[in-house]
Amino acid sequence: MPLALLALAVSAFGIGTTEFVMMGLLPNVADDLGTSVPTAGYLVSAYAIGVVLGAPLLTGLGSRIPRKKMLLLLMALFTIGNLASALAPDFGWLVAGRLLAGLPHGAFFGVGAVVAARLVSEGRQARAVATMFLGLTVANIVGVPAATLLGQHLGWRATFLVVAAIGLAAMAALARLVPHIPVEAHQDVRRELRALGNRQVILGLLTAVFGFAGVFAVYSYLSAMTTKAMGFGESSVTLVLALFGIGMTLGALAAGPLTDRALRPTLYGSLGALAVILVAFPFTVHVQWAALTMVVLLGAVGFMTTTPLQMLVMNKAKDAPTLASASNHSAFNLANAGGAWLGGVAIAAGWGWTSPAFVGAVLAVAGLAIAATAGFLDRGERKASRVVAAHSATPARPAPASARPAFEDGTGSPGGPEATSPSTRSSHSS
């Protein structure tokens, strides 16, 4: 794999750390700024809103900027956002800093996925994209627990200063290792928007919203489940979160080669397995070793959905994949927010701390249904395309000599009928 993928993974590590660390720092931030923990929860929402807004906006604005320069600009904005968070004088400014830090998230992964896919040969693109996402999963194993401990001992501001330093290191790696990749000649915002309107792209984004919401219906309350359902002490929360991160990493490692081999079966299998694990989770949660195993499996199958979904929208918007790829991360963050909200509704209704798992299972099944519908429609479209191609490629039978039109010299047509060239099929087969 090219070293440039390492630079993308380091950047993803920083982004993943700042995205998830706030969940562990909410009590510290609330105490320091004199607000409640539920109110401090708006800091998580502010980051998600930044991702949703920034993905299409920044991708559109940067559609004509060379890829490497765009990555550097996005990482610079990420670094500034985290520095602003560290220096925020009050809660309002911290919300603004979190929003600013979230703006480049989706656009960076959108552009980064396109760059990663172009750095390798055909047939290894999903593995390249999965390698970039490894930085995101490693952040959940190392970055988030370490940053949480740092914030608990040195203050939450120290956490964001360190993340800003990671952003600077990522910029240096990008500048040194990523080659110059020019913008495609046909690249423009209107083409990107048309690609985003592709039915398969829309269905892929909806699959991400519903399917991945099943993961976050549980993950958002995993800390509370650790102490209130699994029977562990508060000191074990970091371990449980790290196990979830290990599962995410295993899922990312498996998703790359599986997606390269069979994209849609990988997507169907991961969503189906996610639904099964979520249904089983409440029945195993009171047996500690079984609960920990389910946490690892949940992270693995949940994150295994991300690579095929990323490749799907890139393939189906192959003429202008950047906005579709970035919008996929907006979809994932809508899933984060929606899953957390629906899981919270279940808990507030008095259904128990493990009830979000059943909510997540329903969401995963909904995502699987959307994915299966998209696959069925795609097969129909490709079958119709093959029929048209075969028909156009069949040479017409020559007319009898007596029926051929005569020219002024009394001969027939000097040539047979023009053959129509077969339709060109997409090189990206799902």
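A dipole drawn for the stretch 14-117 from +1 and -1 charges on Cβ atoms has a positive end, and of Ala30, Thr17, Ser63 the residue lying farthest that way is Ser63.
Per-residue 3J(HN,Hα) values for the stretch 109-116, derived from phi via the Karplus relation 6.51 cos²θ - 1.76 cosθ + 1.60 with θ = phi - 60°, read 5, x, 5, x, 5, 5, 5, 4 Hz in sequence order (x marks Gly and Pro). Judged by the mean number of other Cβ atoms found within 10 Å, the most tightly packed of the peptides 25-31, 3-9 leads the ranking 3-9, 25-31.
Overall, the anisotropy analysis places the stretch 205-253 in the oblate class: the square-rooted eigenvalues a ≥ b ≥ c of its C-alpha gyration tensor yield a/c not less than 1.5, with a/b not exceeding b/c. In the context of the full protein assembly, Glu122 retains an accessible surface of approximately 120 Å², using a probe radius of 1.4 Å and ignoring ligands and nucleic acids. Is the shape of the stretch 39-105 rounded, prolate or oblate, going by the alpha carbon gyration tensor and its root eigenvalues a ≥ b ≥ c, with a/c under 1.5 for rounded and a/b larger than b/c for prolate? It is oblate, given that a/c is not under 1.5 and a/b is not larger than b/c. Stokes-Einstein diffusion for the stretch 149-301 at 25 °C, viscosity 0.890 mPa s, with a Kirkwood radius from C-alpha pairs, works out to 129 µm²/s. Karplus-derived 3J(HN,Hα) values for the stretch 92-98, using 6.51 cos²θ - 1.76 cosθ + 1.60 with θ = phi - 60°, are x, 5, 5, 4, 5, x, 5 Hz; glycine and proline are entered as x. Packing-based ranking of 241-247, 89-95 yields 241-247, 89-95, ordered from highest to lowest mean Cβ neighbour count within 10 Å. When the charge dipole of the stretch 207-345 is built from unit charges on Cβ atoms (+1 for Lys and Arg, -1 for Asp and Glu) and taken about the Cα centre, the candidate among Ala217, Gly233, Leu271 whose Cα reaches farthest toward its positive end is Leu271. Please say if the stretch 255-352 is rounded, prolate or oblate, where rounded means a/c under 1.5 for a ≥ b ≥ c the square roots of the C-alpha gyration tensor eigenvalues, and otherwise the choice is prolate for a/b larger than b/c and oblate otherwise? Note, shape of the stretch 255-352 comes out oblate. Annotation for the stretch 134-173 versus the stretch 258-283: alpha-carbon center distance of 30 Å.
The values are calculated or read from the model by the stated rules, or taken from the named source; none is laboratory data. Treat the numbers as computed from the prediction; the structure is a model and nothing was measured. Here Cβ is always computed from backbone atoms with ideal geometry, including for glycine, and neighbour counts include all displayed protein chains. SASA here: full protein model, heavy atoms, side chains in, ligands and nucleic acids out. Shrake-Rupley method; radii C 1.70, N 1.55, O 1.52, S 1.80 Å.
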